[in-house]
1. What does the C-alpha gyration tensor say about the overall shape of segment 616-663? Classify as rounded when a/c is under 1.5, otherwise prolate if a/b is larger than b/c, or oblate.
2. What Rg and what Dmax come out for segment 488-612 when only alpha-carbon atoms are used, in angstroms?
3. Quick one: 3J(HN,Hα) in Hz for segment 460-471, Karplus 6.51/-1.76/1.60 with θ = phi - 60°, rounded, Gly and Pro as x.
4. Taking the Cα centre of segment 284-436 as the origin, how large is its charge dipole in debye, to the nearest 20, when only Lys and Arg (+1) and Asp and Glu (-1) carry charge on their Cβ atoms?
5. Looking at segment 346-499, I'd like the Rg to Rh ratio, where Rg is from alpha-carbon atoms and Rh is Kirkwood's inverse mean 1/r.
6. Between Arg634 and Glu602, what length comes free when the chain is fully extended (0.36 nm per residue of separation minus the Cα-Cα distance, one decimal in nm)?
7. Regarding segment 6-121, what's the average projected area of the Cα-atom convex hull, expressed in nm²?
8. Work out the charge dipole of segment 1-61 with +1 on the Cβ of Lys and Arg and -1 on the Cβ of Asp and Glu about the Cα centre, then indicate which of Gly49, Tyr25, Leu38 is farthest towards its positive end.
Amino acid sequence: MTAPPVHRREQLARAWTRSTTAATYIPRSPDDIEGVLLELVDEVLASLGADEFSSAAGNRIGARLVSEGFVDPHALAATINVLSHELLADLVSTPDTELARRTVALLGAMSAGYADGLRDYTLTQQEDVKQALFNAVLRAEHNLRGIENRFHEVFTSSATGIAITDLSGMCIEANPALAGILATVPDRLPGRMLADIFRDEGAGDVMSSYHRLLDGEQARVHEQRRLRKEDGEIAWVLLAISLLRDGAGAPAYFVTMVQDVTELHLLQDRLGHQLLYDALTGLPNRQCFHTKLESMLERADPRSPITLCCVNLDAFALVNNSFGHAVGDRLLQTVGRRLEEAVSDENALVARIAGDEFAVLIEDSATTPDIGDLIGKLTAELVDPEYIDGIGVAVGASVGAVRRNAGDGDAIALFRAADTALRKAKRTGRRQWAGFHEGEDRTALELDRLAASLPAAWEVGDLSVDFTPVVRLADRKPVGARAVLSWDAVDHVTCLQLAERTGWSVHVGPLLLLEACKRFAGSEGVLSVQLTRNQSGDADLVRAVHRALEESGLTADRLELSLDVGALLDDFGDARDNLEVLDDIGVRVGLCGVTGGPLDFELVSSTGVRSVTLSGALGAGSKVLADETARTVRMFDELGAACSVLDVRTAETADWWASIGVATAQGGVFGGS
């Protein structure tokens, strides 16, 4: 994640000070304001940079703004504008969705905390005014004129709208602030009924709240309402309604306090939209899409079919790298628009759920095409290039699709099924699609679970290093051992395949090598370790070998490392350099997975390879295969590389391999796996 701009903390505090003081009057010195905001900047940056992000700091910051005197909503709007601009400025050159997500969440929490703080501030002010009104009535006989003057000053100068009404709801007096909120003049409010003054078109009878007070159901009422002002515009307000009693304790008047929170409400709406919709394409984001998917599943007939497609753009990074992110962004907008056009005749929803991944949800009808035709429509929309600033660009897509009845699973299961199908499609190549199959998924899911649990199995000792004998076929005598991974769940080969899928093979390789060298150092012969593709290309392989030899005391000439032949032929990672350096330091270097093609022979002839482990595809399965395998062994022998084979299970097989010149073998017939 891109780090928040801690180095610009003082600059950010000054920008925040300038923005808020320009937006509203705050009765404090500029230095005092900047000192407070610098403390809040530190809290913002600490929250954004935390390992475990929590938006709770936003609530505290919003509440503190109110307590420090930033009580005008314009101050909040200025705060949101300057923080969103300054905190996200670095993302123009280094986009980071995590920092953007944290920033939006923190600003949303700040708005919520500000709203809570402003509400408490308003209620406190309202209680103060109510108490002043009540005290004024009690002291009226003794000092009526002075009380009336003080009340009139509070009443007329208050920033909170105030209406005093009789018990029927007729306005007796209203202050200028209330008239301003309702876009009218104060003289037009007295004599009108509350239902006419507070025209709430959506929340029902406004007088119901007053009746509850009069009936003793509540001591006071606090509620938010959407009012239509005199000029036709909408105002969101917080109403605080209380009942004033006369000297005998009987109900006499209603006092209604009105706080205009329209700007705050609109700001929260905008932040809410940003949290649920992708800012670039305007499409629903993953969170919003998941919610809508859940809603569809809940309201749909359990027997009605729905289709979910996950669409991943192929090689989209090439567009960003070649033409820049501006072109890439416009292409994403085009893709979103075209996908919507492709399903415009369906009850469908399109969303952008990741950087270059979209989702298409369809509530199937009688005219919805089968999955193959549907995916054809989606991908056909992406074929034609989009011309952006004179550049014609287009991308293909891989698609994973699942179609099932609404009652056959929840949203999480449906999403996982479509994502599983997408991963299957991508494994077969670009611009491919695949459907979801339960049987295949059960097997794949079990392998995924095993792959994910490999580190824990190693940590607790369930996965460990073992040895299988390496035997010289000429006399069947042991000449060393091969280090393998031992786990009750799967065999060594499957274990390595799972580790390659997650990349954990690069981590476990040095651990296996070190453990094997330590345990084998006191034995006779040569220790053989065969490496996977990722292990062969690992930039730290030579360092791991040096450490294993140094800590175990095993000499380099007693260690044979067989690198993956595919990694060497593809020049993958540091595989070529690793082979040369290992040969230079005296380690026996070999190849594994060899099939005997011309490139294999060229590789052996041009490097220091001393041995080759033949692929399991070779053998005596047919006369042609047997003859070609024998020719391959002879060719490697002429090049000075001894051949070895794995998984020899019978004595007859061992005799055949020996007859064609294979030097060593491993397998069950010799007591190994």
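No value in this document is a laboratory result; all are computed from the given coordinates. Nothing here was measured: the structure is a model prediction, and the numbers come from that model. Here the Cβ positions follow ideal geometry from the backbone for every residue, glycine too, while neighbour counts run over all protein chains shown.
1. Cα axes put segment 616-663 in the oblate bin.
2. Just the Cα atoms of segment 488-612 yield Rg and Dmax of 14.0, 41 Å.
3. 8, x, 5, 9, 9, 8, 9, 10, 10, x, 9, 10
4. For this selection, approximately 560 debye.
5. We get a ratio of 1.18 for segment 346-499.
6. 10.1 nm
7. 6.6 nm²
8. Checking the options against the dipole of segment 1-61, the answer is Tyr25.
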